[in-house]
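A.B. asks: Got a structure here, written out as structure tokens. Questions coming.
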Amino acid sequence: MTPATIIERAAACGVIVTLTPAGTVKTTGTKDAVARWVPTLRANRDAIVAALTKASNDPPAVSPADASPVWLIHCPDRQPVAVHCWPPATLAEILAIYPTATGAKPVRQQEQARSCRTCRHLKRPGLSDGHCGGRDDLPPAYTAGHPLRRLPDDGGASCATWEESR
């Protein structure tokens, strides 16, 4: 068995195997489970210590939250430049593409504002400014019984039926 397999199987039995700052293996769990795994852990101690040491020295995995589709690149000889990339790139990828950059910051996209202009229910027949097709509490746009309604005075900021447009 590889050290990673031993650690995973021990964890499945309720035994957590960690590395102490002194470089020794520490086990936590129920007394019976630890007692069952101690012989295997002792027999493979050096390999387990090496695997845990390597794992603690590995750089953390990059999460999708660290990637951004828009980056502001700082260069010493000019103003910052906004760069768009797809698929979204991480800081390490951006700095590899732009080696003269002194730094980069992700530009976070703002969440779409809740308004009639960003709602799925907005309908624009003809040359109109738009009408609501999702609320029955608004006055009719044209005549009584017409399915479209006038837009609310607040522009839909407090609308309970707002849905993001597709």
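A.B. asks: Which residue pairs have Cβ atoms under 7 Å apart, sit 6 or more places apart or on different chains, and have a first residue in the stretch 2-23 that is over 17 Å from Pro39 (Cβ atoms) and a second that is not β-branched (Val, Ile, Thr)?
C.D. replies: Ala4/Ala51; Ile16/Gly29; Thr18/Lys26; Leu19/Leu52; Leu19/Ser56; Thr20/Lys26
A.B. asks: Hey, another quick one. Please work out which residue is modelled with the lowest pLDDT, limiting yourself to the stretch 107-166 and to residues that are among the aliphatic types (A, V, I, L, M) and closer than 30 Å to Pro80 by Cα.
C.D. replies: Checked the stretch 107-166; the qualifying residue modelled with the lowest pLDDT is Ala113.
A.B. asks: Sticking with this one: Could you run through the stretch 1-60 and say how many residues are outside any helix (DSSP H, G or I), loosely packed, with under 12 Cβ neighbours inside 10 Å and hydroxyl-bearing (Ser, Thr, Tyr)?
C.D. replies: 5
A.B. asks: While we're here: Take the residues in the stretch 111-166 that are of a type in the set (Ser, Thr, Tyr) and part of a loop (DSSP other than H, G, I, E, B), then tell me which one is surrounded by the most Cβ atoms within 10 Å (Cβ to Cβ).
C.D. replies: Here is the first cut: in the stretch 111-166, the residues of a type in the set (Ser, Thr, Tyr) are 115, 118, 128, 142-143, 158, 161, 165.
Cutting the leftovers down to part of a loop (DSSP other than H, G, I, E, B) gives us 115, 128, 142-143, 158, 161, 165.
Numbers: Ser115: 16, Ser128: 12, Tyr142: 13, Thr143: 6, Ser158: 9, Thr161: 13, Ser165: 11.
The residue in question is Ser115.
A.B. asks: Taking the conditions exactly as written (at pLDDT below 85, part of a loop (DSSP other than H, G, I, E, B) and within 29 Å of Glu163 (Cα to Cα)), does Ala101 satisfy them or not? Let's see the steps before the verdict.
C.D. replies: Numbers: at pLDDT below 85: yes; part of a loop (DSSP other than H, G, I, E, B): yes; within 29 Å of Glu163 (Cα to Cα): no.
No: the conditions fail for Ala101.
The values are calculated or read from the model by the stated rules, or taken from the named source; none is laboratory data. Fair warning: this is a prediction, and the values are worked out from it, not measured in the lab. Counting neighbours? That spans all protein chains shown, and the Cβs are built from the backbone with ideal geometry, glycine included.
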